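Step one of this worksheet: look at the structure below.
The values are calculated or read from the model by the stated rules, or taken from the named source; none is laboratory data. Since the structure is predicted, the reported quantities are computational estimates derived from the model, not experimental observations. Virtual Cβ from ideal backbone geometry, glycine too; neighbours counted across all protein chains shown. These area figures cover heavy atoms from the full protein model, side chains too; ligands, DNA and RNA do not enter into them. Shrake-Rupley method; radii C 1.70, N 1.55, O 1.52, S 1.80 Å.
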Amino acid sequence: ASSQTSSPLCLQNVETLINSVEAFLFDCDGVIWKGGKLIEGVKETLEMLRSLGKKLVFVTNNSTKSRKQYAEKFHSLGITTVSEEEIFSSSYAAAMYLKVNDFPRDKKIYALGEGGILEELELAGFKGLLGGPEDGRKNIQLKANSRFEHDKDVGAVVVGDDQYINYYKLQYATLCIRENPGCLFIATNRDAVYTMFDSQEWPGAGCMVSAVCGSTQKEPIVVGKPSTFMMDFLLQKLQIDTSKMCMVGDRLDTDILFGKNAGCKTLLVLSGVTSLSDLQDPSNNIKPDYYASKVADILKFSRQ
Ligand code: PLP
Ligand code: CA
C-alpha cells in the first residue's frame with residue numbers, strides 16, 4: 001500500500017531479516033558494483049551471508065552479457081564464490097521464456113541487442129539467430145521502388161539495450177513484427193536509463209523497446225524485472241517461499257516492485273540510481289520495507 005513506510009536498517013531489523021530470510025536476491029548494478037567497480041564492503045557482506053547458510057542469487061536487467069560473462073565479472077572483481085547457476089540475467093530470461101513456451105525450433109529469432117542475448121539463445125539450443133551488435137553496420141542503399149527484405153521465418157524479436165542501435169535494425173525488427181502477426185515481441189527489460197562508466201546516466205533498454213513499440217504499435221512481453229516471468233522462473237529454481245526471500249535493489253520501479261509483487265521482503269540501497277529524496281517523494285508509491293546506504297550496512301548491523 002502507498003501509505004506503508006520504509007524503515008532504515010538498524011541492529012534490530014537486520015537481526016529480524018537474517019533470522020527470517022533464507023535467500024537474498026541481489027540486483028547487480030548500483031548494488032554489487034557500479035559500472036566496473038565493486039561497491040565497498042560487498043565481498044565481506046556476501047561472505048557473512050554465505051557463512052550463515054543463506055542462498056544468494058543475482059538478478060540483473062542488463063542483457064548485454066550472458067550468465068557466463070557475469071560469473072567472470074564477479075570473479076575478476078574478487079568475488080570468486082559466485083557461480084553461473086546463481087545468476088539470472090534478462091538475457092537468460094529471454095532465452096528461457098522462448099524455451100518454456102516451446103518456441104518452434106525451425107523458426108528464427110531476430111535480436112535487437114548485444115552479444116549476451118545471442119549467447120544465451122545459443123546456449124538454450126536455438127538456431128537461426130539473426131541480428132546482434134554488428135548487424136546493419138553497412139549503409140542501407142535503397143533505390144526508388146526497391147524493398148528492404150527481411151527473413152520471413154523470424155518468429156520472435158528480442159529487444160534489449162544496444163549501444164549500436166541503428167535505423168536498419170529498427171526497420172528489421174519492425175518488419176518482422178508488423179508483417180507476421182504471430183511474431184513474438186520480447187523485451188529483456190524496460191529500464192529508462194542506467195549508469196554507464198560509474199557516473200552519468202545513459203538511455204537503457206526502455207528506450208530501444210519504446211522505439212519498436214512506436215513503429216509497431218504493439219506492446220512487448222517483458223521478461224526481466226519487474227516481470228512475473230523472471231520471478232516465477234527463479235522461484236521454480238529456488239523452491240523457497242517468497243516470504244523467506246529479500247530482494248535488494250537500487251531501483252524502485254524494477255527491483256523493489258519485483259520483490260513486492262511477489263511478496264518478498266525488500267531492501268532499497270541508496271548506492272545506485274535512487275536517492276533518499278526519490279524514495280520520500282510524495283509521488284512515489286513503491287515503498288521498500290527497508291532502506292540503507294549500501295549492502296555493507298547488512299554486515300555493519302549484524303551481530304556476527
Ligand atoms: N541495462 C543495461 C544496458 C545496463 O548496462 C545496466 C547496468 O549496467 C542495467 C540495465 C541495469 O542492470 P541492473 O539490473 O544490474 O541494475
Ligand atoms: Ca540496479
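Side notes on the structure shown:
- Scan of the stretch 170-189 for residues that are touching a helix residue (DSSP H, G or I) at 6+ places or on another chain (Cβ under 7 Å) and either within 16 Å of residue 90 (Cβ to Cβ) or of a type in the set (Gly, Ala, Ser) (or both), ordered by number: 173, 185, 186, 187, 188, 189
- Within the stretch 192-211, being among the β-branched types (Val, Ile, Thr) and surrounded by fewer than 23 Cβ atoms within 10 Å (Cβ to Cβ) holds for 193, 195.
- Residues in the stretch 233-289 that are under 15 Å from the mean Cα position of the chain (by Cα) and either part of a loop (DSSP other than H, G, I, E, B) or surrounded by fewer than 24 Cβ atoms within 10 Å (Cβ to Cβ) (or both): 233, 234, 250, 251, 252, 253, 257, 272, 273.
- Residue within the stretch 216-230 that is away from ligand 2 (no atom under 16 Å from the Cβ), surrounded by 17 or more Cβ atoms within 10 Å (Cβ to Cβ) and over 30 Å from residue 170 (Cβ atoms) present: no
- When the helices (runs of 4 or more DSSP H) confined to the stretch 1-107 are screened for residues that are within 16 Å of ligand 1 (Cβ to nearest atom), those reaching at least 2 such residues are found at 42-51, 67-76, 90-100.
- Count of the stretch 290-304 residues, restricted to those that are part of a loop (DSSP other than H, G, I, E, B) and among the acidic types (Asp, Glu), is 0.
- As a summary of the residue check, residue 126 satisfies the conditions (1) out of contact with any Asp or Glu (no Cβ under 7 Å at 6 or more places or on another chain); (2) surrounded by fewer than 19 Cβ atoms within 10 Å (Cβ to Cβ) except for the one numbered (2).
- Count of the stretch 31-63 residues which are touching a strand residue (DSSP E or B) at 6+ places or on another chain (Cβ under 7 Å) and either within 16 Å of ligand 2 (Cβ to nearest atom) or open to solvent by less than 10 Å² (accessible area, probe 1.4 Å) (or both): 14
- Evaluating residue 66 against the criteria (1) within 17 Å of the chain's Cα centre (by Cα); (2) open to solvent by 20 Å² or more (accessible area, probe 1.4 Å); (3) more than 16 Å from ligand 2 (Cβ to nearest atom) leaves one unmet condition, (2).
- Candidates 244, 300, 265, 294 - the one that is modelled with pLDDT of 95 or more and within 16 Å of ligand 2 (Cβ to nearest atom): 294
- The set of residues in the stretch 183-206 being assigned to a strand (DSSP E or B) and more than 10 Å from ligand 1 (Cβ to nearest atom) consists of 184, 185, 186, 187, 201.
- Complete set of residues in the stretch 10-22 that are touching a strand residue (DSSP E or B) at 6+ places or on another chain (Cβ under 8 Å) and surrounded by fewer than 21 Cβ atoms within 10 Å (Cβ to Cβ): 13, 17, 20, 22
- Taking first residues from the stretch 170-183 that are at pLDDT below 95 and partners that are surrounded by 20 or more Cβ atoms within 10 Å (Cβ to Cβ) and in a helix (DSSP H, G or I), no Cβ contact under 8 Å between residues at least 6 apart in sequence or on separate chains turns up.
- Scanning the stretch 207-221 for residues that are of a type in the set (Ser, Thr, Tyr) and away from ligand 1 (no atom under 16 Å from the Cβ) yields 215, 216.
- Residue list for the stretch 155-169, filter: open to solvent by 10 Å² or more (accessible area, probe 1.4 Å) and either assigned to a helix (DSSP H, G or I) or under 18 Å from residue 92 (Cβ atoms) (or both): 161, 167, 168
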